Each structure stands twice: as C-alpha cells, then as structure tokens.
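Take a look at the structure set out below.
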Amino acid sequence: MAFEIKNILTTDLFISFLYRFIRLYSSTFRLEIKNEKEWMDIFREGGKVLLCIWHQQFFSAIRHFQNYRDFKPSLMISKSLDGEIIAGVAQRTGWHAVRGSSSRGGSEALKEMIDHFKQSRIAAHIVDGPLGPAGKVKPGVIRLAHIADTVIIPFYTSADRAWYFNSWDNFLLPKPFAKVTISFGKMIKFDPTDDPNIFENQRRYLEQIMLPELRRKPEVS
C-alpha cells in the first residue's frame with residue numbers, strides 16, 4: 001500500500017496537479033516585496049547570490065520566486081519522498097532541483113550546486129532543512145558559500161493570517177487572501193577558512209542574524 005501511494009504521489013500527473021493548485025492558491029495572496037533591489041543589482045552586475053530561508057517559510061515564497069525562472073536558479077532538495085514531490089514542483093517553476101542533503105547524497109549535491117552556480121550565479125538554500133532542528137543553520141550553506149564564492153542573502157516570509165502546522169518547523173501556510181510579505185536581508189560575505197572555529201563562528205553568525213525572523217506558533221487561548 002505504501003509503495004502504491006508513493007507511486008501515485010510522484011507521478012507527473014499528480015505533481016502537475018499540485019503545481020497548478022499551488023499557483024491558484026498562492027494567486028490569492030496580496031504580496032509585498034521588501035529590499036529586493038540590493039541583491040538584484042549585485043546579481044545583474046555579475047555577482048553570485050545565495051538566497052537563504054528557514055524551512056518553515058519557503059511555501060510563501062513560491063509564487064514570487066517564479067519570477068526568477070529566466071535566471072535558471074538552483075535549489076538543493078532532499079532525496080526523501082517529500083523532496084521528490086517538492087523537486088517536481090520546483091522544476092515546473094523554472095528552478096533546477098539538486099537532489100541531496102547532509103545525510104543523503106550531500107557531497108554529490110554540493111558539487112552539482114557549485115557546477116550550476118558557475119552558469120546561473122544564483123541559488124537558494126533552506127538552511128535548517130530537510131528535518132531540522134528548526135532554527136539551526138546547517139554547515140552546508142557556509143561550505144557552499146565558501147566554495148562558490150558567493151554572497152549570502154537571508155530572506156524571510158510572513159503573513160497577516162496563517163495556519164501553523166504541528167510539524168518540527170511549525171510550517172507556515174498563509175490563509176487565502178492573506179497579505180504575504182517577503183523581506184530580503186542585508187548581504188553577508190564570508191571569507192573561506194580551514195579553521196573549524198572560524199567556520200563555526202560564521203555558521204553561528206548567520207544563525208543569529210536569521211533567528212529573530214523565525215515565526216512562533218501563536219498560543220491558543
């Protein structure tokens with residue numbers, strides 16, 4: 001039974017349906033985009049850009065991120081069943097899905113991300129994915145930024161009305177017709193290092209910058 005369900009969920013028909021549903025659902029959002037020009041100027045001048053977000057918030061950005069499809073950006077996605085579905089949706093939005101995570105296929109995925117970076121100069125990374133813990137920046141994003149020689153741009157999403165799932169990340173799903181805000185943070189550039197203490201300090205720095213924007217599940221009174 002589980003095998004049959006997996007086969008259904010990963011068919012082109014189902015993923016195409018899901019993609020269309022996401023487009024229809026997110027078309028009801030009232031989008032507000034903040035501070036996009038700074039990193040877009042860097043990119044258009046030939047710079048490399050790595051957009052970083054918490055797992056909790058990526059759904060809210062899907063609609064707007066379709067606007068970047070001409071840049072052929074890449075996104076690392078886990079080799080799990082969920083990842084296979086997300087990869088199918090990402091590819092339909094014009095993103096290049098690189099399959100792998102810190103636990104499965106990480107080194108191969110990192111190499112593919114770097115190779116793709118040489119051509120597209122833009123990628124996105126879910127910094128605490130695929131399974132958390134929430135609010136913990138994984139070292140892979142720092143390693144990728146070092147090797148690809150790219151700036152990091154944290155970004156965050158919020159909604160004035162949303163549901164929060166009882167998942168490890170308290171996944172945020174904006175309600176229909178919600179006002180969704182996508183805010184891009186300041187550029188961060190780390191110097192490559194072989195010193196594990198400096199590397200860890202860089203990882204913690206990015207984590208501390210991004211943590212205040214992690215959304216907390218509202219208390220039910």
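Readers should treat all values here as calculations from the given coordinates under stated rules, not as data from a laboratory. Please read all numbers here as calculations on a predicted model, not as lab measurements. Note: ideal-geometry Cβ built from the backbone for every residue, glycine included; neighbour counts use all protein chains shown.
Where strands (runs of 3 or more DSSP E) sit wholly within the stretch 66-141, those with at least 1 residues that are closer than 18 Å to Asp169 by Cβ and not polar (S, T, N, Q) occupy 74-77, 122-126. Within the stretch 172-186, no residue that is touching a residue at least 60 places away in the same chain (Cβ under 8 Å) and on the phi > 0 side of the Ramachandran plot sits with its Cβ atom under 9 Å from a residue that is crowded, with 19+ Cβ neighbours inside 10 Å and among the hydroxyl-bearing types (Ser, Thr, Tyr) at 6+ positions apart or across chains. Among the numbered conditions (1) touching a strand residue (DSSP E or B) at 6+ places or on another chain (Cβ under 7 Å); (2) buried (at least 19 other Cβ atoms within 10 Å of the Cβ); (3) closer than 26 Å to Asp82 by Cα, the only one that Thr150 does not meet is (3). Checking every residue in the stretch 166-182 against the condition of being over 25 Å from Ser78 (Cβ atoms), among the hydroxyl-bearing types (Ser, Thr, Tyr) and surrounded by 13 or more Cβ atoms within 10 Å (Cβ to Cβ) gives at least one match.
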